[in-house]
Amino acid sequence: MISYIKGEVVKKGLDYIILDNNNMGYHVHTSFSTLNKLREEEQVLIHIYMHIREDVIALFGFMTTDEMELFKKLISVNGVGPKAGISVLSTYEANTVKEIILKEDATRMSKVPGIGKKTASKIILELKDKVGTLDGIETGSEELSLSQQPSESSDVLNALIALGFNSYEAKKTLDAIDFSGKTENEIIMEALKNINRQV
């Protein structure tokens, strides 16, 4: 089993990276949270979860062991596969996911693409005793308020540009988004949907 891969980020996609290690390119599925922390041509260490089925072997990678361990907890829930696990961690930061689970906020969890209310409730029921306590989570630090809307130098704008969109269309799309109560990753996902509709 692969525990981690250390190498150069050759390419960033919408939900994956190509990681070069000793002239071998690894296709690694990952979350927006991890993607936002990576830059092409930089050397990184990515923690790996190796998903094996009869017809496929897939790699899922994360910058932090905390995010990977939460991913493994999510996919331990019956009905939640790796794609759904990545979707959860692409919608919310790891600490926000834990907060949602601990507060038993099924409505917020069900906002994740591919996660309905029934699955959201199941995730909360099965994981609420496995993700720590609210006291150990810094709440609110991952939310963007209206006063924090992206400027030219913002992480959100830079993330969209890094994904291949020009600064004009990225900024125009972000200007049309209501930032109230949304995480950085939620804003990026909404922007991607809006840009794709325009293409």
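What follows draws every value from the coordinates through simple rules; no lab data is involved. Since the structure is predicted, the reported quantities are computational estimates derived from the model, not experimental observations. So basically every Cβ, Gly included, is an ideal-geometry build from the backbone, and we count neighbours across all protein chains shown.
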Hz values of 3J(HN,Hα) by residue in the range 105-115 - Karplus curve (6.51, -1.76, 1.60), Gly and Pro given as x:
8, 5, 4, 5, 5, 6, 6, 5, x, x, 10
Once you put a point 7 Å from the Cα of Ala176 and another 7 Å from the Cα of Lys118, both along the Cβ direction, what distance in nm separates them?
3.5 nm
Which order do the peptides 71-80, 183-192 come out in when sorted by mean C-beta neighbours inside 10 angstrom, highest first?
183-192, 71-80
Could you pull out every residue, at least 5 positions away or on a different chain, whose amide H is within less than 5 Å of the one on Asp15? Hs are placed 1.01 Å off N in the peptide plane, and Pro or chain starts have none.
none
Residues with beta-carbon under 15 Å from that of Gly85, excluding Gly85: net charge, scoring Lys, Arg +1 and Asp, Glu -1?
+1
For Glu41 and Asp129, compute 0.36 nm times the residue count separating them, minus their Cα-Cα distance, and round to one decimal in nm.
27.7 nm
At Lys103 and Met1, where each label point lies 7 Å from the Cα along Cα→Cβ, what is the point-to-point distance in nanometres?
3.3 nm
Considering only the other residues whose Cβ falls under 9 Å of the Cβ of Ala120, what net charge follows from Lys and Arg at +1 and Asp and Glu at -1?
+4
